[in-house]
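Undergrad: Got a structure for you, written out below as structure tokens; questions coming shortly.
The values are calculated or read from the model by the stated rules, or taken from the named source; none is laboratory data. Here the structure is a predicted model, which is why all the values come from computation and not from measurement. Because the Cβ atoms are built from the backbone with ideal geometry, glycine has one as well, and the counts that use them run over all protein chains shown.
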Amino acid sequence: MTQPVPELAPLTPGGRRVLDAASHLFYERGIHAVGVDTIAEAAGVTKKTLYDRFGSKEALVVSYLQHRDARWREHVAAQLALVPTPGPDRILAIFDAAVSWSDENSPKGCSAINARAEIGDGNDDHPVFPEVSRQKVWLLDLFADLCSEAQITDPRAMAQAMMLLYEGAIVTVGMATFAEPFQTARAWAAALLPRP
């Protein structure tokens, strides 16, 4: 069963401005390249407001990732609602969701993967790591649930194959290796999925 999204604390108007500014800046420029001064200035608040609302830059990064993840999950749920009947098309709806999401929201690839790569090895206690892992486990579990609903013989193995196609596509988006990687991944996913 897929993990629920963590309960997100309500934000004050100043907190929302900080998070919106940080989200844009972190995704566009990178976490290390953006300091709290830049975020506070872009949000039109003081550094004190930023720290009062989030406590640290690390906590702000985690909040950024959690809020993006919540928006992505809502987008996925809306796409899945269009295909309510269990089966291959419902599994492929995840790739359809990625296609409609990526141009506007992820032209530089996955924010979680980018954050994990930027933090780098040797920082295993960094709070970004469990957040990124939680997001990826959720997607793998969702694929497994959908494969199980579709009565695929080995739903976990098929979910892993779907996850590899999905993750390869999102990395390819970020690297701009070739055009329309999610469409390519979807086509290979469709070829792998058994039809009744």
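Undergrad: Using the structure shown, decide if G30 is outside the structural domain of P155 (by TED's automatic domain parsing), modelled with pLDDT under 95 and more than 29 Å from A159 (Cβ to Cβ).
TA: When the stated conditions are applied, G30 passes them.
Undergrad: Do any residues in the stretch 90-118 that are at positive phi have Cβ atoms under 7 Å from those of residues that are β-branched (V, I, T), where the two are at least six apart or on different chains, and which pairs are they?
TA: If the second residue must be β-branched (V, I, T), the pairs left are G109/I170; G109/V171; G109/V173.
Undergrad: Same structure, new question: Assigned by TED's automatic domain parsing to the domain that holds E167, crowded, with 17+ Cβ neighbours inside 10 Å and more than 23 Å from A190 (Cα to Cα): does that describe I94?
TA: no
Undergrad: Going by the structure shown, is K108 modelled with pLDDT under 95 and of a type in the set (K, R)?
TA: The answer is yes for K108.
Undergrad: Could you say whether any residue in the stretch 55-78 is over 25 Å from I170 (Cβ atoms) and surrounded by 20 or more Cβ atoms within 10 Å (Cβ to Cβ)?
TA: No: zero hits.
Undergrad: Does D124 fit the bill of being among the acidic types (D, E), surrounded by fewer than 20 Cβ atoms within 10 Å (Cβ to Cβ) and in a helix (DSSP H, G or I)?
TA: Considered against the rule, which asks whether it is among the acidic types (D, E), surrounded by fewer than 20 Cβ atoms within 10 Å (Cβ to Cβ) and in a helix (DSSP H, G or I), D124 comes out as no.
Undergrad: State which residue is modelled with the lowest pLDDT when the search covers only the stretch 81-105 and only residues that are of a type in the set (G, A, S) and within 25 Å of G30 (Cβ to Cβ).
TA: Checked the stretch 81-105; the qualifying residue modelled with the lowest pLDDT is S102.
Undergrad: Cβ-Cβ distance below 6 Å, separation of 6 or more or different chains: which pairs start in the stretch 133-147 with a residue that is assigned by TED's automatic domain parsing to the domain that holds I94 and surrounded by 23 or more Cβ atoms within 10 Å (Cβ to Cβ) and end on one that is among the β-branched types (V, I, T) and in a helix (DSSP H, G or I)?
TA: Close Cβ pairs satisfying both conditions: L146/I91.
Undergrad: Right, another one. Please enumerate the residues belonging to the stretch 33-77 that are aliphatic (A, V, I, L, M), closer than 27 Å to S133 by Cα and in contact (Cβ under 8 Å) with a residue 12 or more places away in the chain.
TA: First, the residues of the stretch 33-77 that are aliphatic (A, V, I, L, M): 33-34, 36, 39-40, 42-43, 45, 50, 59-62, 65, 70, 76-77.
Subsequent filtering for residues that are closer than 27 Å to S133 by Cα retains 33-34, 36, 39, 50, 59-62, 65, 70, 76-77.
V34, V36, I39, L50, A59, L60, V61, V62, L65, A70, V76, listed by residue number.
Undergrad: Another one. Could you list, in sequence order, all residues of the stretch 23-59 that are under 16 Å from the mean Cα position of the chain (by Cα) and assigned to a helix (DSSP H, G or I)?
TA: S23, H24, F26, Y27, E28
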